[in-house]
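Structure first, commentary second.
The values are calculated or read from the model by the stated rules, or taken from the named source; none is laboratory data. For clarity, every value in this text was computed on a predicted model and none was experimentally measured. Note: ideal-geometry Cβ built from the backbone for every residue, glycine included; neighbour counts use all protein chains shown.
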Ligand code: ADP
Ligand code: MG
């Protein structure tokens, strides 16, 4: 039996008159990668930021690791890691300085070198944040979510704008983090990514969950309705060609 680490029940969020989240309920199990998928404006970031204690909800109940959002938000903050937008880092500080800064904020002792090794940036320890490539910035911002040794981390579109190599490299990092027992909630617009990474996904549209299951089960359900792709699927796609020709190794390193 899976342990529930996050429970969201009948969550509503109104921005003034606008009803952005309309009664969302879901559980996240310990150790899984859970994906929130949906078009722009569906309410994914709003939902995540409410669970992260960063945004007030209108109604509903949320628990994280047994702590109630209404009464124990400080305890929730301690057991989660939230990825900042890459614009949130002081551009002129080097990676070691940034890690020490975050560690200070969390009141944690942290081995910066070890953390950088974990995300494959050990040779960038003295490099300023602004000099990193897009993929390196994302890897670094994921590293900073791990500083307080969280049970759950939240990644909101971590691979948007990255080239295919950097995206694959980030998938591996996210899987490695899962292997350490950390639960991961992620949003993405890339369905191939969700299919490869996520144990379960919720599809959100207009502030409501319209489907929730494993990617495999959702695909089987669609096929069971008699759905067929309009044309025969080739055994490879253009992305496969791109990766085959340009290789898996990361660029701009
Ligand atoms: P997603 O992350 O799925 O793209 P968001 O949660 O960011 O969606 O936004 C959901 C809806 O709420 C959108 O229509 C957005 O314009 C609106 N919204 C988000 N933040 C605010 C805000 N601070 N004030 C008013 N409306 C907002
Ligand atoms: Mg969003």
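Quick look at the values:
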item: Residues of the range 99-111 satisfying the condition of being touching a helix residue (DSSP H, G or I) at 6+ places or on another chain (Cβ under 6 Å) and either modelled with pLDDT of 95 or more or in a loop (DSSP other than H, G, I, E, B) (or both); result: 99, 110
item: Residues satisfying the stated conditions in the range 1-19, i.e. crowded, with 18+ Cβ neighbours inside 10 Å and within 16 Å of ligand 1 (Cβ to nearest atom); result: 8, 11, 13
item: Where a residue in the range 156-169 is at positive phi and its partner, wherever it lies, is within 15 Å of ligand 1 (Cβ to nearest atom), with Cβ under 9 Å and at least six apart; result: 157/44; 157/45; 157/186; 157/187; 157/188; 157/189
item: Residue match in the range 191-213 (condition: within 12 Å of the chain's Cα centre (by Cα), within 28 Å of residue 19 (Cβ to Cβ), assigned to a loop (DSSP other than H, G, I, E, B) and modelled with pLDDT of 95 or more); result: yes
item: Of all residues in the range 25-41 being more than 16 Å from ligand 2 (Cβ to nearest atom) and either surrounded by 16 or more Cβ atoms within 10 Å (Cβ to Cβ) or closer than 11 Å to residue 2 by Cβ (or both), the one that is nearest to the chain's Cα centre (by Cα); result: 33
item: Qualifying position, being touching a strand residue (DSSP E or B) at 6+ places or on another chain (Cβ under 8 Å), closer than 27 Å to residue 45 by Cα and either assigned to a helix (DSSP H, G or I) or in contact (Cβ under 8 Å) with a residue 40 or more places away in the chain (or both), among 150, 91; result: 150
item: Checklist (1) under 12 Å from residue 138 (Cα atoms); (2) within 16 Å of ligand 2 (Cβ to nearest atom); (3) at pLDDT 95 or above; (4) not in a strand (DSSP E or B) applied to residue 159, failing item; result: (3)
item: The range 65-88, residues that are away from ligand 1 (no atom under 15 Å from the Cβ), part of a loop (DSSP other than H, G, I, E, B) and either surrounded by fewer than 18 Cβ atoms within 10 Å (Cβ to Cβ) or without any contact (Cβ under 8 Å) to a residue 60 or more places away in the chain (or both); result: 66, 69, 70, 71, 72, 84
